[in-house]
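The values are calculated or read from the model by the stated rules, or taken from the named source; none is laboratory data. Small disclaimer: the values here were computed from a predicted structure and weren't measured. Positions of Cβ are backbone-derived with ideal geometry, glycine not excepted, and every protein chain shown enters the neighbour counts. For accessibility, only protein heavy atoms count, side chains too; no ligands or nucleic acids. Shrake-Rupley method; radii C 1.70, N 1.55, O 1.52, S 1.80 Å.
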Amino acid sequence: MRIIAKDTLVDTQGVRITKISVASRHIAAKAQPGQFVVLMKDETSERIPLTVVDTDKTAGTVTLIFQELGFSTKRFGMMNTGDSFYAVVGPLGHATDIKRYGNVILVGGGVGIAEILPVARALKKAGNTVTTILGARNKDLLILENELRASSDHFHVTTDDGSYGRKGFTTDVLKELLSKNNYDLIYVVGPVPMMRKAALTTKEFNARTVVSLNTLMVDATGMCGGCRVTVGSEAKFACVDGPEFDAHQVDWDELTKRNRVYDHKEKHLCNLHKK
């Protein structure tokens, strides 16, 4: 799968977020909002899941956005237009259940904002009234603002430091909106602490809430169990049962611990390749 275009969305404060368009006519033809692909840079590299942000069925291209955070995603960031990935599989996971719910809220934090874009577009097209809340540490780290504004009836931005939009967190705005109006669906993607807090917030109002989980994955076909998460006391696999789940049923303590299990090894690997 060859890279057709590459753009840097963020490159500041030690954060680099990259957007690439890759040629994959079959995936472009079939991918739906909420689904993802798995990529390998070369024959021995790690398998990395990335959400399908956009597709162009005519051109046969798929748009992906990732933060160059760990060893493998940093290697992805070193690739240029014209380079090819060793392998790709997809689309994977269940697509988002798109229909006319009524009033919906989409909450995106950090690079998770990329994941709500295709869902926002699809929900808007289905006739929903879409309210979007985006959150970032500061203005320079905010992505896809214009694209999401275009697909939203109501739009809010929060930054931790108050450098843009409202100072505070996405959950502050979420709680205020829920206290004033009724909403038929809340859809949340972002860092685990943010999703967890959003789930606690919406549970107070008994508002249906869906989260898209970025869990650790190895094979992404339900065989390895690496993406296992407990939902409503049942073991689920994010790759084949998800990646979307009822936010009020997720065991957030377990998810947090599982996502950190390789942190020390990842840090050691990155340090080795700095030398």
Query - Signed unit charges on C-beta, dipole axis of the chain, positive-most listed residue 217, 53, 126 - result: 53
Query raised in the report: Residue-wise, which Karplus ³J(HN,Hα) couplings in Hz belong to the stretch 172-183, taking 6.51 cos²θ - 1.76 cosθ + 1.60, θ = phi - 60°, and x for glycine or proline?
Result: 5, 5, 4, 5, 5, 5, 5, 6, 9, 9, 9, 10
Report summary line: Lys and Arg at +1, Asp and Glu at -1: neighbours of residue 218 with Cβ under 10 Å from its Cβ sum to -1
Requested in this report: Given a cut-off of 31 Å, name the pairs among 6/180; 124/180; 6/125 whose C-alpha atoms lie farther apart than that in the structure shown.
Outcome: 6/180
**Report entry** Degrees separating the helix 192-204 axis from the principal Cα axis of the chain, which is the longest one
**Finding:** 20
Requested in this report: Using mean projected area of the Cα convex hull in nm² as the read-out, say which of (i) 14.3; (ii) 15.1; (iii) 18.5 was calculated from these coordinates.
Outcome: (i)
**Report entry** Unsatisfied cross-links (Cα-Cα over 25 Å) in the set 30/197; 57/139; 203/236
**Finding:** 30/197; 57/139
Query raised in the report: Remind me, relative contact order of the stretch 1-140 in percent, using alpha carbon pairs under 8 angstrom and six or more residues apart?
Result: 26
Query - Dipole magnitude (debye, nearest 20) for the chain, charges at Cβ of Lys, Arg, Asp, Glu - result: 240
Requested in this report: Would you pull out the residues with amide H under 5 Å of residue 35's amide H, same chain only if 5 or more places away, H placed 1.01 Å from N?
Outcome: 52, 96
Report summary line: Residue-normalised 222 nm signal for the chain, counting each DSSP H run of n ≥ 4 as -39,500 (n - 2.57), nearest 500 deg cm²/dmol, is -7500 deg cm²/dmol
Report task. Please give, to one decimal in nm, the separation of the simple spin-label points placed at residue 235 and residue 257, each 7 Å out from Cα toward the Cβ. Result -> 1.5
Report summary line: Once Lys and Arg are counted +1 and Asp and Glu -1 for all other residues with Cβ under 14 Å from that of residue 130, the total becomes +3
Report summary line: Along the dipole axis of the chain (charges at Cβ: +1 for Lys and Arg, -1 for Asp and Glu; origin at the Cα centre), the most positive-end residue among 94, 202, 8 is 8
Report task. Specify the residue with the greatest mean-square fluctuation among 13, 249, 67, computed from a Gaussian network of the chain linking alpha-carbon atoms under 10 Å apart. Result -> 13
Report task. Give the relative contact order (percent, whole number) for the chain; include only Cα pairs under 8 Å separated by 6+ residues. Result -> 16
Query raised in the report: With axes computed from alpha carbons, what is the tilt in degrees of helix 113-125 against the longest principal axis of the chain, rounded to the nearest 10 within 0 to 90?
Result: 60
Report summary line: Put 9, 142, 148 in order of accessible area, largest first, probe 1.4 Å, and you get 9, 142, 148
